[in-house]
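Here the structure is laid out as structure tokens; the discussion comes afterwards.
Nothing in this text is a laboratory measurement; each read-out follows from the coordinates by a stated rule. It should be emphasised that the depicted structure is a prediction, and the values quoted were computed from it without experimental measurement. Cβ coordinates were reconstructed from backbone atoms using ideal geometry, including for glycine residues, and neighbour counts include every protein chain displayed.
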Amino acid sequence: MRKKIFYVYNPHTLSYERVFPSLRKRIFTALRHLILGFTLGILFFFVFYYFVDPPRERLLKQENDKIEAQYKILSKRLDQLLKVMADIQQRDDNLYRVILQADPIDASVRNAGIGNMTRYTELMKLNDADLVVSTTRKLDQLARQVYVQSNSLDELVKLGQTQEDRLKCIPAIQPVSNKDLKRTASGYGLRIDPIYKTRKFHEGMDFAAETGTPVYATGNGKVAEAGWKQGYGNSVLINHGYGYQTRYAHMSKILVRPGQEIKRGEEIGLVGSTGKSTGPHLHYEVIYKGKHDNPINYYFFDLSPEDYDRMVQIASNQGMVMD
């Protein structure tokens with residue numbers, strides 16, 4: 001574009017004379033063009049900076065979008081795997097461990113260390129930190145649970161291998177011959193003390209029988225105690241292993257000695273009325289992991305379902321014990 005040239009008519013000379021702008025006007029014009037150019041330059045800079053990505057930045061953004069999408073997919077898959085693991089844990093605790101009589105694994109053991117957020121401090125500095133930390137935490141949780149579950153399965157395999165011996169050792173028969181259940185005197189739980197006439201927790205079962213009636217070991221094991229014990233009179237304590245013990249009290253005679261190996265059904269003594277007793281009977285206790293348990297739960301080799309129901313009724317209807 002050619003520069004504009006201005007002329008003014010001079011009536012004295014009857015001619016057009018060229019007009020030159022003043023210095024001030026020229027300076028003003030130059031400044032105006034400079035400011036306009038600077039403004040347009042800043043405007044174009046911001047437009048390109050915010051709306052037009054350079055090729056390298058465009059590639060980096062595409063890579064970041066791909067990584068974010070992969071994290072979201074990984075997070076969803078981890079959620080699915082954690083659900084599967086939760087189902088395995090539920091079956092482990094409520095089925096396999098129940099069958100093999102093992103304690104369930106506490107949730108604090110399965111998730112130990114997962115609540116420690118300080119381990120993710122460095123990840124919090126990244127873009128999309130919440131997504132990255134959440135996904136990493138799920139992965140750590142799954143890894144921990146897989147480790148614990150693997151150890152649990154190893155333990156269950158060992159328990160399964162010893163199950164045959166375990167079944168031989170668990171108390172599973174009545175300690176006296178009682179096929180018609182007529183010797184069932186009193187059961188486990190709150191009962192009336194025969195001497196003090198007060199309600200007291202009875203930690204075993206009483207079987208009324210004549211003096212000299214044979215007393216049998218209810219499972220394989222080793223005699224831990226055999227002799228006189230305060231309140232129990234002549235009594236025998238058998239350690240069956242696997243957390244089980246049984247006690248036989250008030251006997252007239254003991255036929256075993258401490259340290260002796262015993263088989264289920266072997267005669268270990270004779271019914272009597274020694275110690276704190278109001279008549280000939282056998283007081284029988286089952287102890288599991290240091291706590292007394294109801295012996296009525298351990299006659300599965302002796303009783304049919306019908307006989308079991310009848311024994312429960314007989315034992316619960318007896319309000320007074322014999323020791």
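Observations on the structure shown:
- Computed from backbone phi, the HN-Hα couplings of region 169-182 come to 8, 5, x, 9, 9, 6, x, 10, 5, 8, 5, 8, 6, 6 Hz, rounded to whole numbers (Karplus: 6.51 cos²θ - 1.76 cosθ + 1.60, θ = phi - 60°; Gly and Pro given as x).
- Projected area, mean over directions - the chain, Cα convex hull, nm²: 35.4 nm²
- For the chain, with +1 on Lys and Arg beta carbons and -1 on Asp and Glu, the positive-most of Gln90, Phe207, Leu282 along the dipole: Gln90
- Helix 23-51 and the longest principal axis of the C-alpha atoms of the chain enclose an angle of approximately 30°.
- Length released on extending from Ser134 to Gln90, taking residue separation times 0.36 nm less the Cα-Cα span: 13.4 nm
- Column: log10 I(q)/I(0), Debye, Cα scatterers of region 184-317, q = 0.19 Å⁻¹: -1.15
- Set Lys179/Lys289; Lys83/Lys168; Lys158/Lys289; Lys158/Lys229; Lys222/Lys253; Lys158/Lys291 screened for pairs whose C-alpha atoms are more than 27 Å apart: Lys179/Lys289; Lys83/Lys168; Lys158/Lys229
- Positive-pole candidate from Thr13, Ile296, Leu255, dipole of the chain, charges at beta carbon: Thr13
- Karplus-derived HN-Hα couplings along region 200-210 (A = 6.51, B = -1.76, C = 1.60, θ = phi - 60°), whole Hz, x at Gly and Pro: 9, 6, 8, 8, x, 10, 9, 10, 6, 7, 5
- Gain on full stretching of the segment that runs from Trp228 to His292 - 0.36 nm per residue minus C-alpha separation: 21.0 nm
- In this structure, the amide hydrogen of Lys276, modeled 1.01 Å from its nitrogen in the peptide plane, lies closer than 5 angstrom to those of Gly231, Tyr232, Gly233, counting only residues at least 5 positions away or on a different chain.
- For the chain, the longest principal axis of the Cα atoms and the long axis of helix 305-317 meet at an angle of about 80 degrees.
- Ile35-Glu122 FRET efficiency (beta carbon distance; Förster radius 35 Å; 0.05 resolution): 0.10
- When peptides 114-121, 265-272 are ranked by their average number of other Cβ atoms within 10 Å per residue, the highest-first order is 265-272, 114-121.
- Projected label points at Leu190 and Asn111, each 7 Å from Cα along the beta carbon direction, are separated by 3.7 nanometres.
- Cβ-derived FRET efficiency at R0 25 Å, Phe301 paired with Gln161, nearest 0.05: 0.70
- Here the gap between Asp103 and Gln149, fully extended at 0.36 nm per residue and compared with their Cα-Cα distance, gives a gain of 15.2 nm.
- Between Lys168, Lys291, Lys253, the GNM of the chain built on Cα springs shorter than 10 angstrom shows Lys291 fluctuating the most.
- Relative contact order of region 69-161, pairs being alpha-carbon contacts under 8 Å that are 6 or more residues apart, as %: 43 percent
- For region 116-243: rounded, prolate or oblate by the Cα gyration tensor [a/c cutoff 1.5]: prolate
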